[in-house]
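A.B. asks: Attaching a single structure in structure tokens format; questions to follow.
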Amino acid sequence: MDKYRVGIVGCGGIAHFHGQNYNRYPNDFEIVAAADVSQESVDKYCQEFEIPTAYTDYQKMLTDEHLDIVTVCTWQGTHAEITVAAAESGVKGILCEKPMAISLGQADAMIGACEKNKVKLVIGHQRRFEAIYPEARRLLADGVIGEPISVVRRVGSGLLNWGTHVIDMTRQILGDPSTSWVIGQVERKTDRYERRCRIEDLCMGLICFENDTRLILEIDMPKPHMNNILIQGSNGTMSSDGGKLKYLNGDSNGWQIVEPKSDGRDLWSEFKLWLDGDIDDHRCSGYQARGTVEIMMAIYESVRTRGLVHIPFQTPESPLELLIDNGMLPVETPGKYDIRVPF
Ligand SMILES: NC(=O)c1ccc[n+]([C@@H]2O[C@H](COP(=O)([O-])OP(=O)(O)OC[C@H]3O[C@@H](n4cnc5c(N)ncnc54)[C@H](O)[C@@H]3O)[C@@H](O)[C@H]2O)c1
């Protein structure tokens, strides 16, 4: 078949990663247009990737270009609006960056528009393709450490920023269980933003999945952070160690080191297989990402409702925004700042 015609919205840092990856498959994809509110950014991007047409209005690009795929690389607060518009424009697939959205209502609007228009939606949780995570999932499913009891993750840079990857990867290694309940705590004493969206100073969540495994999640808590994953099981322990995994159990006679092997796919090649109808699902589908948004929102909702949040819960707005707007998280150190895109 002909190549998929791709249009990019948002031509900043991550758009370069997408440009490079689409260009790795020149027989499958062709980036025919790009859009950014900044004329300078879109012109530079189009020059770098030899893209024929630049727009400063993504709606015009959607109308004029008869695209098959739209890739949304803008700030997270705009993902829903652009994804819904792209779905309604008649494309076949949308690849939207993480976090999927900044509220459950937005995530549901994205899924609803894609279902209505038969559009395949993928979210940029590309770490699901790093060999270590599918390997950890296989080892856990094989029972090498018994039943997984707890996973510990401790990272920085915002819940919706790094937290979305970490939660998504944890869900992946546990076999994508549904979530039973969440309890959390949030501090926001400074006027902190991340890519133009208000975020917390720090937070933590205890997340219980359907199989009773708990994720203990710390975001921006006092250091040290931990790059590795730590999984405690009923008959052993497993952790990541650089690009390798190691586990210990009652019979392993010391640490067993596993060097994970890639299955050869990446986010883009799997997207092509899904669009072609050769596979039934994409491991980073919008449905998977919604499960991750739900957990993040439940951490905020737990603060708002002062207790355990049973999943599913029904607050379409961002509970963090509600907490801030209702004066429940007053700023003590005035001065608005953004940790990724300085004002
Ligand atoms: N998957 C990953 O590992 C990963 C890594 C980095 C960033 N991201 C995500 O990618 C997104 C963008 O991050 P970035 O670092 O590239 O940001 P960036 O600031 O470098 O680029 C964003 C671009 O979007 C443009 N933009 C904003 N609103 C727009 C609109 N309504 N229409 C058109 N253009 C618009 C801005 O002008 C800017 O050029 C964020 O959601 C971020 O979380 C994902």
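The values are calculated or read from the model by the stated rules, or taken from the named source; none is laboratory data. Please read these numbers as outputs of a predicted model, since none were measured by experiment. For neighbour counting, all protein chains shown are included, and Cβ atoms are generated from backbone atoms with ideal geometry for every residue, glycine included. Surface accessibility is based on the protein's heavy atoms, side chains included, excluding ligands, DNA and RNA. Shrake-Rupley method; radii C 1.70, N 1.55, O 1.52, S 1.80 Å.
A.B. asks: Would you calculate a helix-derived [θ] at 222 nm for the chain, using -39,500 (n - 2.57) for each DSSP H run of n ≥ 4 and dividing by the full residue count, to the nearest 500? Don't skip to the answer; put the middle values down first.
C.D. replies: Values: 10 runs with 108 residues, N = 343.
Helices in the chain give a 222 nm mean residue ellipticity of -9500 deg cm²/dmol.
A.B. asks: List the DSSP H helices in the chain whose Cα atoms stretch 20 Å or more along the helix axis and whose mean Kyte-Doolittle hydropathy is at least -1.0.
C.D. replies: Within the chain the helices that satisfy the rule are 286-305.
A.B. asks: Can you tell which of 194, 40, 218 shows the greatest fluctuation in a Gaussian network model of the chain with Cα springs below 10 Å?
C.D. replies: With Cα springs under 10 Å in the chain, the top fluctuation among 194, 40, 218 is at 40.
A.B. asks: Still on this model: Where the accessible area of the chain is counted over protein heavy atoms with a 1.4 Å probe, how much of it, in %, is carbon and sulfur? Please list the in-between numbers first.
C.D. replies: Values: 7150 of 15070 Å².
It is 47 percent, rounded to a whole number.
A.B. asks: Give me the extension gain from residue 190 to residue 66: residue separation times 0.36 nm, minus the current Cα-Cα distance, reported in nm with one decimal. Before the final figure, lay out each step's value.
C.D. replies: Working: separation 124, 0.36 × 124 = 44.64 nm, distance 4.45 nm.
Residue separation times 0.36 nm, minus the Cα-Cα distance, leaves 40.2 nm.
A.B. asks: For region 146-189, which semi-axes, largest first and in whole Å, follow from the square roots of 5 times the eigenvalues of its Cα gyration tensor?
C.D. replies: Details: eigenvalues 93, 33, 21 Å².
So the equivalent ellipsoid measures 22, 13, 10 Å along its semi-axes.
A.B. asks: Probe 1.4 Å, all protein chains in place: accessible area of residue 147 in Å², nearest 10?
C.D. replies: Per-residue accessible area (residue 147): approximately 130 Å².
A.B. asks: If I take every Cα pair under 8 Å that is 6 or more residues apart in region 239-333, average their sequence separation and divide by the length, what percent do I get for the relative contact order? Numbers along the way, then the final one.
C.D. replies: Values: 48 pairs, mean separation 12.1, N = 95.
Over region 239-333, the number comes to 13 percent.
A.B. asks: Projected area of region 236-312, taken from the Cα convex hull and averaged over every viewing direction, in nm²?
C.D. replies: Taking a quarter of the hull surface, the average projection is 8.9 nm².
A.B. asks: Check each of the chymotrypsin sites (Phe, Trp or Tyr not before Pro) in region 108-202 and keep only those in coil by DSSP with at most 16 other C-beta atoms within 10 angstrom; list them in order.
C.D. replies: In loop regions of region 108-202 (DSSP not H, G, I, E or B), there are no sparsely surrounded chymotrypsin sites (Phe, Trp or Tyr not before Pro).
A.B. asks: Moving on to the next point. Keeping every protein chain present and rolling a 1.4 Å probe, give me the accessible area per residue for region 135-263 in Å². Kindly include the intermediate steps, with their values, before the conclusion.
C.D. replies: Working: 5560 Å² over 129 residues.
With the other protein chains kept in place, region 135-263 gives 43 Å² per residue.
A.B. asks: Work out the length of the dipole vector of the chain about its Cα centre, built from +1 on the beta-carbon of each Lys and Arg and -1 on the beta-carbon of each Asp and Glu, and round it to the nearest 20 debye. Please report the intermediate quantities before stating the final value.
C.D. replies: Values: 36 positive and 49 negative charges, 131 e Å.
That gives a dipole near 620 debye.
A.B. asks: Still on this structure: To the nearest 10 Å², what's residue 343's accessible area with a 1.4 Å probe?
C.D. replies: Surface accessible to solvent at residue 343 totals approximately 120 Å².
A.B. asks: Then there's this: Once R0 is set to 51 Å, what does the formula 1/(1 + (r/R0)^6) return for the Cβ-Cβ distance between residue 340 and residue 142, expressed as a FRET efficiency to the nearest 0.05?
C.D. replies: Working: r = 39 Å, r/R0 = 0.76.
Efficiency at R0 = 51 Å is approximately 0.85.
A.B. asks: Also, quick follow-up: Defining a contact as two alpha carbons under 8 Å apart and six or more residues distant in sequence, what relative contact order in percent does the chain show? Write out the running numbers ahead of the final one.
C.D. replies: Details: 711 pairs, mean separation 61.4, N = 343.
Worked out over the chain, it gives 18 percent.
A.B. asks: Still on this structure, I have one more. Give me the 1.4 Å probe accessible area per residue for region 63-134, excluding ligands and nucleic acids, in Å².
C.D. replies: Working: 2350 Å² over 72 residues.
Here the per-residue accessible area is 33 Å².
A.B. asks: Further, regarding this structure: Rounded to whole Å and ordered largest first, report the semi-axes of the equivalent ellipsoid of the chain derived from its Cα gyration tensor (root of 5λ).
C.D. replies: Values: eigenvalues 218, 140, 64 Å².
Its equivalent ellipsoid spans semi-axes of 33, 26, 18 Å.
A.B. asks: Over all directions, what mean area does the Cα convex hull of region 53-132 project, stated in square nanometres? The partial results should precede the final answer.
C.D. replies: On the way: hull surface 23.5 nm².
The Cα convex hull of region 53-132, projected and averaged over all directions, gives 5.9 nm².
A.B. asks: Something else: Note the full-extension length gain between residue 43 and residue 221 as 0.36 nm times their separation in residues minus their Cα-Cα distance, in nm to one decimal. Let's see the in-between values first.
C.D. replies: Working: separation 178, 0.36 × 178 = 64.08 nm, distance 3.99 nm.
Taking residue 43 through residue 221 to full extension adds about 60.1 nm, to one decimal.
A.B. asks: Which sequence of 102, 149 reflects their accessible areas, 1.4 Å probe, from the largest down?
C.D. replies: Reading off the accessible areas and sorting them downward yields 149, 102.
A.B. asks: From the convex hull of the Cα coordinates of region 35-83, what is the mean projected area in square nanometres?
C.D. replies: 3.5 nm²
A.B. asks: Long-range amide H contacts for residue 146: which residues qualify at under 5 Å (H placed 1.01 Å from N, peptide plane, sequence gap of 5 or more or a different chain)?
C.D. replies: It is 235, by chain and number.
A.B. asks: What do you get for trypsin sites (Lys or Arg not before Pro) in region 193-297 restricted to DSSP loop and a cutoff of at most 12 other Cβ within 10 Å of the site's Cβ? Write down the numbers at each step before the final one.
C.D. replies: On the way: sites: 195, 196, 198, 214, 244, 246, 261, 265, 272, 283, 290; in loops: 195, 196, 261, 265, 283.
The qualifying sites are 261.
A.B. asks: If I stretch the segment between residue 279 and residue 317 completely, what's the gain in nm (0.36 nm per residue apart, minus their alpha carbon distance), one decimal? Display every interim value, and only then the final one.
C.D. replies: Working: separation 38, 0.36 × 38 = 13.68 nm, distance 3.38 nm.
Contour length minus Cα-Cα distance gives 10.3 nm.
A.B. asks: Right, here's the next one. Take residue 16 and residue 88, extend 7 Å from each Cα along the Cα→Cβ direction, and tell me the distance between the two endpoints in nm.
C.D. replies: Once both label points are built, they end up 3.4 nm from each other.
A.B. asks: Based on alpha-carbon centroids, what's the gap between region 165-180 and region 207-229 in Å, whole number please?
C.D. replies: About 11 Å separates the Cα centre of region 165-180 from the one of region 207-229.
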